[in-house]
Amino acid sequence: MERNEKVIFLNRLSGKWIKLPKETAKFFDYANENNLNLNQLKGMMYDEEDSEYIDSIASKLKEINFFAYQEDKEHKIDNISYSITHRCNLKCIHCMVNADYGSSSDYFSTNEVIENLDKIIKAKPDSITITGGEPLVRKDFFEISEYLRRNYTGRVGLMTNGTLINASNVERLNNLYDSFDISIDGVNEETCSLIRGKGVFEKVVNSIQYLKKVGAKKISTSMVLTEDNAKYTDEYFALNEELGTRPMLRAMSIYGRAAENKSVLLSEHTKKQSQSVPKNSSNSKFKCCTCTAGYNQLVIEANGEIYPCNMFCQKKYILGNIRDEIEIRKILGNEKTFLSKNLEEFSPDKYKNCKNCDLTWFCWSCLQKMENLTDSEFKERCASQKQLLEAVWG
């Protein structure tokens, strides 16, 4: 990114970045174009002082992993999330997948789920997340989980509503899963019940306490921001500190049951970037876009459909079906865009309204926010973001 006599180099995977004088950046562009190593570049400098300066800049670039070439390396997949069921024992009003409440049948049998897991394991992701619906509603949940644990050496996470964790199964769960992400969407019974139903808050808190007692180390809770709970973020962080859990605020996607309840759920707060930086804050607080949907992450829904991420789970973004895919890696995006091919229009440098802006890589965190903005909403957001992000170039 360029502005006047300054250039920003950024790392799309880590979000780290460095700002340089344009003349300095030209040296590294030249070295890149002519395949020069650092010593050759330093040898071109006028004197020792210039050589030391280039060396110091190279060290800074190494700190942001700018020279992490992928030659002869296998494309790394961070995570594949697999929904083993579309069924759920709750009927949350913001459920974007419109999970099936009260059903008793699943798309895949036990053996078919295991076959799907074999395909996922073959793709060699660093981690696999089991989710739903609510995964624990399956009678074969532990059979599936034990198979995964025996046959996969990476990290295994469980995404759950927490209501079916109890004293009799918690130790078994802790032996099978490395981390637990539990939806809570509130800070007390009143706020949680508006979204997830009566009595859920107490069950979730009890489940977290059960997990803590058996030694579970990585427990996070998540709260999707809605009109009702957005004003309770401070209380939400305080609750997590009290519980000893990691808080995660999630953006809301207006699909499924959430679309039916849009008037209740949606507020101006959810339309705007939730990033908030004090006016006099150092620009080091800012992080550039790291969305890699469909590049190093994938989501597999309960019917086998494969999507770039859980925020782009509409039919127009489907990448394939696990029933048909023998090699999951073949559907991943490439290292030029770090996105799935069907999402490239949302890449900040290609998005119609942003491609010529010198702040665009800092403006978007979740790219799905681009999808449904009206022109007036975009203009309002853009003006607000530019005022916030101007410190990047300061």
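Across the options 169, 141, 120, the greatest Cα extent toward the positive end of the charge dipole of region 113-179 (unit charges at beta carbon of Lys, Arg, Asp, Glu) belongs to 120. Ranking 205, 309, 24 by Cα position along the charge dipole of the chain, where only Lys, Arg, Asp and Glu carry charges on their C-beta atoms, puts 205 farthest toward the positive end. Counting only protein heavy atoms and a 1.4 Å probe, tell me what percentage of the chain's accessible area is made up of carbon and sulfur. It is 46 percent, rounded to a whole number. Sorting 28-41, 195-208, 358-371 by their mean Cβ neighbour count within 10 Å, with the most densely packed peptide first, gives 358-371, 195-208, 28-41. A simple rule links phi to the HN-Hα coupling: the Karplus curve 6.51 cos²θ - 1.76 cosθ + 1.60 with θ = phi - 60°, which for region 183-195 gives 6, 9, 6, x, 10, 6, 4, 5, 6, 5, 5, 4, 9 Hz, with x for Gly and Pro. The simple spin-label model puts a point 7 Å past each Cα toward its Cβ; for residue 124 and residue 32 those points are separated by 2.7 nm. Go through 293, 104, 365 and say which Cα lies farthest out towards the positive end of the charge dipole of the chain; charges sit on Cβ, +1 for Lys and Arg, -1 for Asp and Glu. Of the options given, the answer is 104. When +1 charges are put on Lys and Arg Cβ atoms and -1 charges on Asp and Glu Cβ atoms, the dipole computed for the chain relative to its Cα centre reaches about 520 debye.
Relative to the longest principal axis of the Cα atoms of the chain, helix 22-33 runs at roughly 80 degrees. Each of residue 327 and residue 55 was given a label point 7 Å from its Cα along the Cα-to-Cβ line. The distance between the two points is 4.5 nm.
Here the gap between residue 75 and residue 39, fully extended at 0.36 nm per residue and compared with their Cα-Cα distance, gives a gain of 10.1 nm. On a per residue basis, the chain carries 52 Å² of accessible surface, using protein heavy atoms and a 1.4 Å probe.
Take every DSSP beta bridge whose two residues both sit in the chain; close to 25 percent of them are antiparallel.
Taking 7 Å steps out from each Cα toward its Cβ at residue 235 and residue 222 produces label points 2.3 nm apart. Extension gain for residue 248 to residue 172 (0.36 nm times residue separation, less C-alpha to C-alpha distance): 24.8 nm.
Per residue, the average separation of C-alpha pairs within less than 8 Å and at least 6 apart gives the chain a relative contact order of 16 percent. Computed on region 83-195, with alpha-carbon pairs under 8 angstrom and 6+ residues apart, the relative contact order is 26 percent.
The values are calculated or read from the model by the stated rules, or taken from the named source; none is laboratory data. What you are looking at is a predicted structure, and each value in this text was computed from that prediction instead of being measured. Cβ coordinates were reconstructed from backbone atoms using ideal geometry, including for glycine residues, and neighbour counts include every protein chain displayed. The protein model used for the area step is the full one, side chains on, heavy atoms only, and it has no ligands, DNA or RNA in it. Shrake-Rupley method; radii C 1.70, N 1.55, O 1.52, S 1.80 Å.
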